[in-house]
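Below is one structure, written out as structure tokens; the observations come after it.
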Amino acid sequence: MKKILITGAAGFLGSHLCDRFIKEGFHVIGMDNLLTGSLDNIKHLFPLKEFEYYHHDVSKFVHVPGDLDYILHFASPASPIDYLKMPIQTLKVGALGTHNLLGLAKAKNARILVASTSEVYGDPLIHPQKEDYWGNVNPVGPRGVYDEAKRFLEAITMAYHNFHGVETRIIRIFNTYGPRMRVNDGRALPAFFSQAIRGEGITVFGDGSQTRSFCYVADLVEGIYRLLMSDHHLPVNIGNPDEITIKEVAEEVVKLVGNPDAKITYKPLPKDDPKVRQPDITKAREILGWEPTVSREEGLKITMEYFREVVKV
Ligand code: NAD
Ligand code: UDP
């Protein structure tokens with residue numbers, strides 16, 4: 001039985017990855033320090049003998065006994081309000097945490113996939129974003145702690161590949177949504193769904209003309225699985241190219257939830273908020289034969305059902 005370590009296992013993406021790799025017949029070690037995650041996301045896995053949970057901060061030396069075949073490094077605060085609240089932890093997990101996990105991969109002769117982000121492109125001057133675009137990041141702005149941590153993550157991962165011959169994979173994830181996002185993580189869709197369900201004002205930042213391209217979590221997980229199993233060590237964008245303005249997505253949520261008390265309100269745009277974001281997924285299509293299959297209409301419906309269960313009205 002192949003063994004895989006998943007960091008950030010109690011988070012949104014990490015918990016879905018634990019489910020997927022259990023389903024594929026792996027022995028899964030989930031590691032987390034519950035900084036932004038919750039054991040509620042993985043409690044259904046605790047009775048399984050194929051699953052183990054280690055409570056650990058990966059910015060400190062990481063020890064796993066025995067053999068290890070694969071590592072997925074997903075631990076990191078990921079929403080703007082989380083990394084604004086925890087700038088040092090964000091930098092440490094991207095830098096020291098990634099270093100520790102690359103060291104573990106080298107020691108165990110394991111293949112490692114690290115979670116990078118579309119944020120490495122910053123507020124992009126090229127649209128849509130291709131992997132060979134170097135980005136437009138403000139290192140000293142509020143988002144710099146996250147963006148630069150991830151740029152360092154990519155650089156040190158390439159160094160371990162080139163210098164130590166570690167088998168590495170780098171995924172650049174674009175905005176992903178679905179069940180198990182934290183209700184109050186401040187990201188657009190959890191905010192809009194919880195506000196719409198409670199009948200509160202929907203907080204669109206700026207005039208809502210900025211764009212994002214939202215990928216349903218099951219599609220992302222499939223892309224991660226394919227990239228891990230591929231032999232491609234350079235960064236690959238995974239995301240849904242279906243671009244939409246934030247105002248339009250807020251309107252879609254309001255219509256779907258159907259609460260007459262929920263009305264769109266406008267709040268100031270946070271500093272350095274990227275104006276556009278859309279992945280060019282030519283590379284994922286060619287190398288992995290991957291493309292998204294879940295439409296926003298379908299994905300938003302499933303996500304709404306989840307939020308209706310967890311949002312306290
Ligand atoms: P999340 O906050 O739900 O999950 C992150 C998990 O990492 C949490 O369970 C948290 O407790 C854990 N964690 C944080 N610091 C840790 C540390 N030092 N040691 C151990 N565990 C730690 O976020 P998510 O949306 O699931 O994001 C997961 C990864 O994917 C992150 O690396 C993020 O940067 C990346 N990513 C996510 C998106 C997205 O749209 N969700 C987009 C781009 C990149
Ligand atoms: N946003 C918004 N209202 C909110 C939360 C976010 O209008 O309550 C906007 C935010 O300014 C950004 C977009 O929605 O333009 C996506 O924000 P999110 O935090 O989900 O992710 P980002 O892509 O900015 O990291």
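For the chain, the mean residue ellipticity at 222 nm estimated from helices alone is -10500 deg cm²/dmol, where every DSSP H run of n ≥ 4 contributes -39500 (n - 2.57) and the total is divided by all residues, rounded to the nearest 500.
Which of Ile202, Thr7, Ile281 sits farthest toward the positive end of the charge dipole of the chain, with +1 on the Cβ of Lys and Arg and -1 on the Cβ of Asp and Glu? Highest projection toward the positive end goes to Thr7.
Amide H contacts for Lys3 (H built 1.01 Å from N in the peptide plane; partners 5 or more residues away or on another chain; cut-off under 5 Å): His27, Asp69, Tyr70. Converting the Cα gyration tensor eigenvalues of the chain into ellipsoid dimensions via √(5λ) gives semi-axes, longest first, of 30, 22, 18 Å. Distant-in-sequence amide contacts of Glu167, defined by a placed amide H-H separation under 5 Å and a gap of 5 or more residues or a different chain, comprise Ile112. Pairs of Lys residues in the stretch 157-308 are counted when their Cα atoms are under 20 angstrom apart and they lie 8 or more places apart or on different chains; the count is 10.
Within the chain, antiparallel bridges make up roughly 10 percent of the DSSP beta bridges whose residues both belong there.
Taking a straight line from the alpha carbon of Lys312, these aspartates and glutamates sit under 19 Å away, with near neighbours fewer than eight places off in the same chain left out: Asp40, Asp185, Glu200, Asp261. What is the stretch 34-130 by shape, rounded, prolate or oblate, if you read a ≥ b ≥ c off the alpha carbon gyration tensor as root eigenvalues and call it rounded for a/c under 1.5, prolate for a/b larger than b/c, and oblate otherwise? Prolate is the answer for the stretch 34-130, as a/c is 1.5 or above and a/b outweighs b/c.
Relative to the dominant Cα principal axis of the chain, helix 217-229 is inclined by about 20°. Here the contact order of the stretch 17-130, divided by its residue count and restricted to Cα pairs under 8 Å and six or more residues apart, works out to 25 percent. P(r) for the stretch 221-313, from all Cα pairs and a bin width of 10 Å, is 12, 33, 32, 19, 4, 0 %, short bins first.
Taking the stretch 1-113 as the region of interest, the number of lysine pairs whose Cα atoms are within less than 21 Å, with members eight or more places apart or on different chains, is 16. Rounded to the nearest 10 degrees, the angle from helix 188-198 to the longest Cα principal axis of the chain is 50 degrees. Positive-end ranking of His164, Gly97, Ile238 along the dipole of the chain, with charges on Cβ about the Cα centre, is headed by Gly97. Taking amide H atoms as placed 1.01 Å from N in the peptide plane, the amide H of Leu35 has no partner under 5 Å among residues 5 or more positions away or on other chains. In the stretch 269-313 the Cα-Cα distances spread across 5 Å bins starting at 0 as 5, 14, 12, 13, 15, 22, 13, 5, 1, 0 percent of all pairs. The angle between the Cα long axis of helix 246-257 and the main principal axis of the chain comes to about 80°, on a 0 to 90 degree scale.
We did not get these values from a lab; they are worked out from the coordinates using the rules stated. None of the values given here were measured: they were computed from a predicted structure. Quick reminder, even Gly has a Cβ in these numbers, built from the backbone with ideal geometry, and neighbours come from all protein chains shown.
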